[in-house]
Amino acid sequence: MNDSPNILLIYTGGTIGMVKNFETGALVAFDFDQLVLKIPELQQLDCSIDTISFDEPIDSSDMNVERWRALGDSIYTHYDDYDGFVVLHGSDTMSYTASAVSFMFENLTKPIIFTGSQLPIGDLRTDAKENLITAVQIAALQKKGKPVITEVGLYFEYKLLRANRTTKINAEHFEAFQSLNYPPLAVSGVHLKINTSSLRSVNRRKKMVYHTHFDNNILIVKMFPGINQEILQHVFSSEVIKGIILETYGAGNTTTKSWFISMLAQAIKRGVPIINVTQCSGGSVEMGKYDTSVALKKIGVISGKDITTEAAVAKLMYLLGENLPLKVLKTIYETSLRGEMLEN
């Protein structure tokens with residue numbers, strides 16, 4: 001009997017799954033049934049690997065809520081059959097999708113590792129092979145017959161990061177992602193070093209709960225000097241909008257103009273949650289630290305603390321999909337659910 005871990009590899013699309021057609025020179029989707037032929041090193045790993053692909057692999061720029069659900073369904077359907085999952089995804093929106101998947105799976109007891117590449121798998125200098133091999137190795141890691149990683153991770157360029165803490169910071173370098181507010185879960189060098197103290201603990205007695213309801217009637221508003229009152233009033237008055245993410249300056253500051261604060265207050269009064277996240281790559285929102293954010297706290301703007309914009313989007317869609325009263329949503333939003341923000 002073979003007790004080695006079973007890993008399911010799911011290809012959604014993206015650069016990592018591309019090879020060059022030598023006749024036309026165009027990039028075409030790779031046949032993942034031929035994975036071991038292309039990357040024979042995978043045979044050295046102590047695990048078995050099965051592969052499935054989206055019927056129509058997509059560029060990650062076309063990722064949407066329906067495809068998040070399709071991906072979640074693929075994992076959920078096979079959840080009991082595999083010890084870990086590796087998701088191959090285009091890097092442009094990987095942080096959004098991986099964050100969404102982290103909210104979809106409550107009480108996760110198995111690894112779901114996202115990875116991709118900056119260069120196609122068939123390219124001479126590709127980063128795809130190392131990313132894929134190590135992502136599979138991490139997904140297969142076990143201790144006393146149980147997975148070492150029990151959360152959604154993102155592996156790229158020698159680092160495993162908590163997925164809902166990541167942001168794509170570079171479109172050209174191999175080190176495309178960073179997690180500026182949380183340390184790596186693992187670092188791959190000569191040895192694969194697991195940062196045990198940074199891992200999420202798991203309660204195996206609790207049943208895994210799968211959530212699929214996302215409400216995408218939301219908007220991101222990025223603050224900038226000279227932001228236009230008339231345009232904002234037009235946007236904020238839309239009854240279609242169910243939630244707003246406000247990308248503010250520094251530690252959560254905005255203009256103190258009365259028209260702006262009044263506009264936010266009216267939206268909140270209508271039951272529209274407004275989330276305050278910082279435009280800065282690192283750091284945290286601290287409403288009330290400066291006078292410019294005291295009014296926001298007073299009218300009931302929700303603090304996103306040190307959450308990334310990507311995770312803020314996924315979390316807001318997820319909580320709106322749960323149909324919670326605004327006060328309850330505010331309390332839950334300001335609470336860390338999957339390790340996506342500061343605990344207190």
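The condition of being assigned by TED's automatic domain parsing to the domain that holds Leu296, assigned to a loop (DSSP other than H, G, I, E, B), over 21 Å from the mean Cα position of the chain (by Cα) and within 26 Å of Val65 (Cβ to Cβ) holds for Ile241. Return yes or no: is Leu71 under 19 Å from the mean Cα position of the chain (by Cα) and part of a strand (DSSP E or B)? For Leu71, the condition - under 19 Å from the mean Cα position of the chain (by Cα) and part of a strand (DSSP E or B) - is not met. Scanning the stretch 40-47 finds one or more residues that are assigned to a helix (DSSP H, G or I), among the aliphatic types (A, V, I, L, M) and within 26 Å of Arg125 (Cα to Cα). Of the residues Lys193, Lys143, Lys168, the single one that is within 22 Å of Thr12 (Cβ to Cβ) and among the basic types (Lys, Arg) is Lys168.
Taken over the stretch 35-78, the criterion of being touching a strand residue (DSSP E or B) at 6+ places or on another chain (Cβ under 8 Å) and at pLDDT 95 or above is satisfied by Leu71, Gly72, Ser74, Ile75, Tyr76, His78.
Output the residue which, of all residues in the stretch 147-162 that are among the charged types (D, E, K, R) and either over 11 Å from Glu175 (Cβ atoms) or not assigned by TED's automatic domain parsing to the domain that holds Thr93 (or both), is surrounded by the most Cβ atoms within 10 Å (Cβ to Cβ). Walk me through how you get there before you give the answer.
Residues of the stretch 147-162 that are among the charged types (D, E, K, R), as a first pass: 151, 157, 159, 162.
Then keep just the ones that are either over 11 Å from Glu175 (Cβ atoms) or not assigned by TED's automatic domain parsing to the domain that holds Thr93 (or both); that gives 151, 162.
Values: Glu151: 23, Arg162: 26.
In this case the residue turns out to be Arg162.
Of the residues making up the stretch 137-161, those that are part of a helix (DSSP H, G or I) and β-branched (Val, Ile, Thr) number 1.
Considering only the stretch 279-291, I want to know if a residue exists there that is without any contact (Cβ under 8 Å) to a residue 60 or more places away in the chain, among the aromatic types (Phe, Trp, Tyr) and touching a helix residue (DSSP H, G or I) at 6+ places or on another chain (Cβ under 9 Å). Spell out how you get there, then give the answer.
Of the stretch 279-291, the ones without any contact (Cβ under 8 Å) to a residue 60 or more places away in the chain are 279-280, 285-291.
Checking which are among the aromatic types (Phe, Trp, Tyr) leaves us with 290.
Applying the additional criterion that residues be touching a helix residue (DSSP H, G or I) at 6+ places or on another chain (Cβ under 9 Å) yields none.
No - not one qualifying residue is present in the stretch 279-291.
Only one entry of Leu37, Leu42 meets the criterion of being within 18 Å of Gly116 (Cβ to Cβ) and outside the structural domain of Ala314 (by TED's automatic domain parsing), and that entry is Leu42. Note on the stretch 34-63: residues that are surrounded by 15 or more Cβ atoms within 10 Å (Cβ to Cβ) and under 25 Å from Asn217 (Cα atoms) amount to 3.
Among the residues of the stretch 282-307, those that are surrounded by fewer than 17 Cβ atoms within 10 Å (Cβ to Cβ) and assigned to a loop (DSSP other than H, G, I, E, B) comprise Gly282, Gly283, Gly288, Lys289, Tyr290, Gly300.
The values are calculated or read from the model by the stated rules, or taken from the named source; none is laboratory data. Everything numeric here is computed off the predicted structure, so don't read it as measured data. Ideal geometry is used to build each Cβ from the backbone, glycine not excepted, and the neighbour counts take in all protein chains shown.
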